[in-house]
1. Under a plain spin-label model, where a point goes 7 Å from the Cα along Cα-to-Cβ, how far apart in nm are residue 230 and residue 340?
2. Which one, 71, 24, 350, has the greatest fluctuation when you compute a Gaussian network model over the chain with C-alpha springs under 10 angstrom?
3. Where does the chain land at 222 nm, in deg cm²/dmol rounded to the nearest 500, when only DSSP H runs of n ≥ 4 count, each adding -39500 (n - 2.57), divided by all residues?
4. In the chain, what percentage of the DSSP-assigned beta bridges are antiparallel, given to the nearest 5?
5. Enter the Cα centre distance for the pair the range 57-123 and the range 196-264, rounded to the nearest angstrom.
6. Please compute the Kirkwood hydrodynamic radius over the range 1-118, one decimal place, Å, based on all pairs of different Cα atoms.
7. Could you work out how much longer the chain between residue 254 and residue 50 gets when fully extended? Use 0.36 nm per residue separation minus the Cα distance between them, nm to one decimal.
8. Over 5 Å intervals from 0, what percent of Cα-Cα pairs in the range 268-332 sits in each interval?
Ligand SMILES: Cc1cc2nc3c(=O)[nH]c(=O)nc-3n(C[C@H](O)[C@H](O)[C@H](O)COP(=O)(O)O)c2cc1C
């Protein structure tokens, strides 16, 4: 029986479950069309906003590498070094909505069967700011965008009512999602920040607002390392640095932990997994936890800007894995390992003694009593 890569996610038919995430690979119509030619099932545009965007004076992204012969992590290029992560402090698209609108239309006309998701972002501090979300959503869907992804997760915002600062406030998440849902004729995905204590709380806010799917993770807040010789941050402007976002291989296990929390809390909802994916063995983790699609950024940036080889290896890996296990569609294995993540005390001990997670030592309540409190 031939394995099928085609899948449906939030009601959208995709020829495969692989998307380019909102980032430099999707910053222009030419990139997006090249990505579709390379076989990606969908793309999420670089985030589109209404406020003016000016990036820092210098590189916006660099890659941290570890070398085989030294424990040092560095952004300096060295032979025999392997990728550890990407670090960026790039803002959202510096192109205006007017620039994007005709391009969204042209992309959809040329690739009607591919899924084009418009990533959008506005503030949330006033009715006018909330109306901006509606303006963005309406403009993109009118040109044929198949879904909108709410950027509630950009980690480099000064404004307290934007990006990951919205994503840290469950009520604001609900309000923004609801405002967009009021005008949306297409599915609304909410991209949450991983930078909170319990992402389930923020996801609940998004679902209460009507979100059709949760997307996780955006990059993790981080700083570039200091060069021990110059005593400067390896990325800086005039010696100064600001918090940026970590992506790539280093965040795969971190992002999986966030996703496991999400899919366990909401087993019947839709999730798109991002973080550290470069081949199918990585993507498989997200599917086994319950994701219906996955998205890729860092690996694609390093592969001809839009990831043609990454795409090929995702497809080949998925077909081979499905054939090996006798799976016909993604639904045959989606969520298979979701319930294998359990409290520590449920992991078997070698001497068959019970362990109650530290509860029943002298002075502590029994596990059941503590759970009831
Ligand atoms: C240079 C750069 C720019 C990014 N810009 C955006 C953006 O505009 N909107 C967004 O939602 N995420 C943005 N991201 C986050 C990515 O979409 C993705 O969530 C993150 O990089 C983790 O995926 P990865 O491990 O495959 O890189 C950006 C990431 C990078 C590296």
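1. With each label placed 7 Å out from Cα toward Cβ, I get 4.5 nm.
2. Judging by the Gaussian network model, the answer is 350.
3. Details: 11 runs with 120 residues, N = 373.
After summing the helix terms and dividing by residue count, I get -9500 deg cm²/dmol.
4. Numbers: 21 of 50 bridges.
Close to 40 percent.
5. Comparing the Cα centres of the range 57-123 and the range 196-264, I get a distance of 14 Å.
6. 16.7
7. 70.3 nm
8. Taking all Cα pairs of the range 268-332, the binned fractions are 4, 19, 26, 25, 16, 8, 2, 0 percent.
FYI, it's all coordinate maths here, none of it is from the lab. Model, not experiment: these values are computed from the prediction. For neighbour counting, all protein chains shown are included, and Cβ atoms are generated from backbone atoms with ideal geometry for every residue, glycine included.
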